[in-house]
Amino acid sequence: MLGRSRMMAVVMAVVASVALTDCDGSKNGSGASLDRVTYLTAFGAAGRDAFVWIAAEKGYLRAAGIDARIELGKATGENLKALTSGKAQFASLDLTGAMITAFARKDTGFKDFRAVLAVHQHTLVSIMSTEGSGITSPKNLEGKTIAAAANSVNQLLFPGYAKLAGVDASKVKWVAVQPVQLGNSLASGKVDALSTFLIGRPTIEKATLQARHKKVVVLPYSEYLPDLFGNAVIAPTDLIKRKPDLVDRFRGAMLKALEYSIAHPDEAGALLHAKQPATAADAAIAEIKLMTPSVTATDSGSTVGAIDRGRMTRTIASLQKIGLIQPGVTPEDVVDFDVM
């Protein structure tokens, strides 16, 4: 964490930088017209999404001929709806959740998208409880109550996780909680556990330490589902067909920003706070640092931002094996490998 004086210096420097670079979005430095697009964050404004503000304020998007309007997303289902309706051209969301939403049955209307950039090479979905709760393994979740955001990937993926972990999912009770209230729900003892992204641990643990002086116990889904991806940037298939060059340029700018953000987490977190004051800089910085190993993971042979066809084949097989998506789905149904 940054000291208060250093934090303020970083924030003020970023604000000054933003003021200098936040100019007319209609043209780039050479006077050429910019392609205007709308981008949705995965969910609200959190450290995991800081790289899009880096892409905008560092000029990576402008240099690529793009003027991006950044809007705060509302998780997987709502972001897919926005893309389908044409309200947005690009969005970040949990790729596993998107696959389950799109391919759990044949008649879904959310199949017309493709991933163009991997943010996390591994799923970050996890279950968290507190020390002394009696929850030290997945089997201990039976008879317990778990809080999660409504219709989130955490809950969508749980039946498959439970099956592999030897848990009777019918013996677990779920309650819907607003994401900002997850930490308080666990800290107050209203629920036995919660399910959220692994990188949210600092915020959750801060709440449990303050209320109950208890640290957090984490059960990551990736222990049983190692082939699943986390967040990814996606685009509608129609846009990819009509404007492949735009998609390629957008991906390039966002990849550059993602790499910069994990290399400079203090700056990225401070910029996010400058643009979204409700998000604390120290929390954003901690989240970026925690997600970095997942971004840079090379155990599958992937490079930062990439989705390998063989790895996606295994991902699909894993989800089909546990009954979360229909047979017949191919890697090309999920990923645009030309832009990759």
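The values are calculated or read from the model by the stated rules, or taken from the named source; none is laboratory data. On a predicted model such as this, the values are computed, not experimentally measured, just so you know. We place every Cβ from the backbone using ideal geometry, glycine too, and count neighbours over all the protein chains shown.
Taking the numbered list (1) out of contact with any helix residue (DSSP H, G or I) (no Cβ under 8 Å at 6 or more places or on another chain); (2) buried (at least 18 other Cβ atoms within 10 Å of the Cβ); (3) farther than 18 Å from LEU156 by Cβ in turn, LEU40 passes all entries but (1). Of the residues making up segment 43-93, those that are within 19 Å of GLY230 (Cβ to Cβ) and polar (S, T, N, Q) are THR76, ASN79, SER92.
Listed by first and then second residue, the pairs with beta-carbon distance under 7 Å, at least 6 apart or on different chains, first residue in segment 326-340 and assigned by TED's automatic domain parsing to the domain that holds VAL247 and over 26 Å from GLY252 (Cβ atoms), second buried (at least 19 other Cβ atoms within 10 Å of the Cβ) and not hydroxyl-bearing (Ser, Thr, Tyr), are GLN326/PHE103; VAL329/PHE103; VAL329/ILE316.
Regarding segment 185-208, can at least one residue be identified that is closer than 20 Å to ARG62 by Cα, touching a helix residue (DSSP H, G or I) at 6+ places or on another chain (Cβ under 8 Å) and either not hydroxyl-bearing (Ser, Thr, Tyr) or not assigned by TED's automatic domain parsing to the domain that holds ASN140 (or both)? No, segment 185-208 contains no residue that is closer than 20 Å to ARG62 by Cα, touching a helix residue (DSSP H, G or I) at 6+ places or on another chain (Cβ under 8 Å) and either not hydroxyl-bearing (Ser, Thr, Tyr) or not assigned by TED's automatic domain parsing to the domain that holds ASN140 (or both). Within segment 163-193, being surrounded by 16 or more Cβ atoms within 10 Å (Cβ to Cβ) and within 18 Å of the chain's Cα centre (by Cα) holds for PRO179, LEU182.
Would you confirm whether or not segment 210-224 contains a residue that is touching a strand residue (DSSP E or B) at 6+ places or on another chain (Cβ under 6 Å) and in a helix (DSSP H, G or I)? Yes, there is a match, as at least one residue in segment 210-224 is touching a strand residue (DSSP E or B) at 6+ places or on another chain (Cβ under 6 Å) and in a helix (DSSP H, G or I). For THR196, the stated conditions do not hold, so it cannot be described as within 25 Å of ALA45 (Cα to Cα), more than 22 Å from the chain's Cα centre (by Cα), crowded, with 16+ Cβ neighbours inside 10 Å and modelled with pLDDT of 90 or more. One residue alone among LYS139, LYS163, LYS171, LYS144 is outside the structural domain of GLY305 (by TED's automatic domain parsing), among the charged types (D, E, K, R) and under 19 Å from ILE325 (Cβ atoms), and that residue is LYS163. Could you give me the residue pairs with C-beta distances under 9 Å whose first residue belongs to segment 240-253 and is farther than 13 Å from TYR39 by Cβ, whose second residue is surrounded by 20 or more Cβ atoms within 10 Å (Cβ to Cβ) and basic (Lys, Arg) wherever it lies, and which are 6+ apart or on separate chains? Listed pairs, sorted by first residue: ILE240/ARG114.
Let's see how each residue does on (1) within 19 Å of ALA45 (Cβ to Cβ); (2) touching a helix residue (DSSP H, G or I) at 6+ places or on another chain (Cβ under 6 Å); (3) not charged (D, E, K, R):
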residue: VAL216; (1), (2), (3): no, yes, yes
residue: PRO236; (1), (2), (3): no, yes, yes
residue: PRO277; (1), (2), (3): yes, no, yes
residue: ALA280; (1), (2), (3): yes, no, yes
residue: PRO293; (1), (2), (3): no, no, yes
residue: ALA297; (1), (2), (3): no, no, yes
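Within the span defined as segment 199-217, one or more residues are touching a residue at least 60 places away in the same chain (Cβ under 8 Å) and within 18 Å of ALA297 (Cα to Cα). Taking the criterion of being more than 22 Å from LEU198 (Cα to Cα) and hydrophobic (A, V, I, L, M, F, W, C), would at least one residue in segment 265-280 satisfy it? Checking segment 265-280: at least one residue is more than 22 Å from LEU198 (Cα to Cα) and hydrophobic (A, V, I, L, M, F, W, C). Listed here are the strands (runs of 3 or more DSSP E) enclosed by segment 60-160 that have at least 3 residues being buried (at least 21 other Cβ atoms within 10 Å of the Cβ): 90-94, 113-118, 125-130, 145-148. Being among the aliphatic types (A, V, I, L, M) and under 17 Å from PHE158 (Cβ atoms) is the filter here; which residues of segment 187-206 pass it? Hits for segment 187-206 are VAL191, ALA193, LEU194, LEU198.
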